[in-house]
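Below is one structure; the comments refer to it alone.
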Amino acid sequence: MTMPPRQSIIEHKQWGRIIITRNPRARRIIMRVRPDAIMMTVPEYAKDTDIERALTECGARLKTRQQQSQEQIIDKDFSIDTEYLRLAIKESAVSRMRLIGSGNGYVIEVPQNTDFTSADTQQMLRTAIKGAAKHCAARVLPQRLKELAERTGFKYKRCTVRDVSSRWGSCSTSGTISLNIRLVMLPSRLVDYVLLHELCHTVEMNHSDRFWALMDKVTAPAKARALRAELKKNRMLF
Ligand SMILES: [Zn+2]
């Protein structure tokens with residue numbers, strides 16, 4: 001008869017809360033993160049020293065990921081203020097949350113005394129913010145792509161603006177460039193970087209030296225890698 005997995009919780013001096021599951025079927029130590037803890041699944045008879053060694057190896061990386069997973073709470077002071085998208089939240093005499101768009105940006109109106117800690121409210125706010133980003137992105141990104149294509153001489157077939165949470169942009173072999181609605185939440189220099197990156201893929205479908213040479217040419221004076229590093233610091237919200 002095999003024993004069911006056993007769980008124990010430790011408060012580690014360096015790595016915070018760790019939830020250890022001893023599983024007779026585990027062959028090696030597997031770690032993942034939750035916003036409030038590092039989860040470890042370990043073989044039934046793993047020693048404390050094995051666990052400690054695994055933490056020494058992976059703890060820092062897991063901690064970074066954990067910080068990223070602690071979602072940002074959206075409250076009434078939340079705002080987005082980039083060259084493309086301006087959005088604010090305003091308490092007003094409405095009975096339900098609503099998104100208003102004007103030439104000047106977007107306002108999410110919420111009822112007075114809204115409980116911002118409620119999960120439902122957070123979900124509705126995220127939906128409204130994405131709605132604003134989608135509306136804004138569809139208006140500005142295809143136009144900007146066209147301008148950059150004309151300036152650089154790259155040819156693409158079609159531009160789509162999509163709600164995907166995995167990447168900022170992509171370029172298909174058939175020449176369709178897909179752009180993420182969340183791009184409008186970034187500074188315009190990074191938006192241009194992503195658009196130019198996808199335009200360069202219409203010529204070089206890879207990330208070879210030739211690709212980066214093209215990128216350096218269109219982001220003169222050769223800023224492609226610096227912009228890429230800056231983009232990497234921006235994680236996708238929502
Ligand atoms: Zn690429």
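The lone criterion from (1) surrounded by 10 or more Cβ atoms within 10 Å (Cβ to Cβ); (2) assigned to a loop (DSSP other than H, G, I, E, B) left unmet by Arg53 is number (2).
Inspection of the stretch 67-78 finds no residue satisfying the criterion of being touching a Leu at 6+ places or on another chain (Cβ under 6 Å), closer than 30 Å to Val184 by Cβ and in a strand (DSSP E or B). When Ala132, Ala229, Ala224, Ala220 are screened for being surrounded by 19 or more Cβ atoms within 10 Å (Cβ to Cβ), modelled with pLDDT under 95 and hydrophobic (A, V, I, L, M, F, W, C), only Ala224 passes. Inspect the stretch 90-100 for any residue being within 25 Å of the chain's Cα centre (by Cα) and either in a loop (DSSP other than H, G, I, E, B) or within 17 Å of Asn180 (Cβ to Cβ) (or both) and give the result as yes or no. So far as the stretch 90-100 goes, yes, one or more of its residues are within 25 Å of the chain's Cα centre (by Cα) and either in a loop (DSSP other than H, G, I, E, B) or within 17 Å of Asn180 (Cβ to Cβ) (or both).
Helices (runs of 4 or more DSSP H) fully within the stretch 127-238 that include at least 1 residues being away from the ligand (no atom under 16 Å from the Cβ) and closer than 17 Å to Asp81 by Cα: 188-201.
Taking residues in the stretch 194-222 that are touching a residue at least 24 places away in the same chain (Cβ under 8 Å), and partners anywhere that are within 12 Å of the ligand (Cβ to nearest atom) and in a loop (DSSP other than H, G, I, E, B), the pairs with Cβ atoms closer than 8 Å and at least 6 places apart or on different chains are Val194/Trp168. Return yes when Arg61 is assigned to a loop (DSSP other than H, G, I, E, B) and either among the basic types (Lys, Arg) or out of contact with any helix residue (DSSP H, G or I) (no Cβ under 9 Å at 6 or more places or on another chain) (or both) and no when it is not. Answer is no for this residue.
The values are calculated or read from the model by the stated rules, or taken from the named source; none is laboratory data. For clarity, every value in this text was computed on a predicted model and none was experimentally measured. Here the Cβ is made from the backbone with ideal geometry for all residues, glycine too, and neighbour counts use every protein chain on show.
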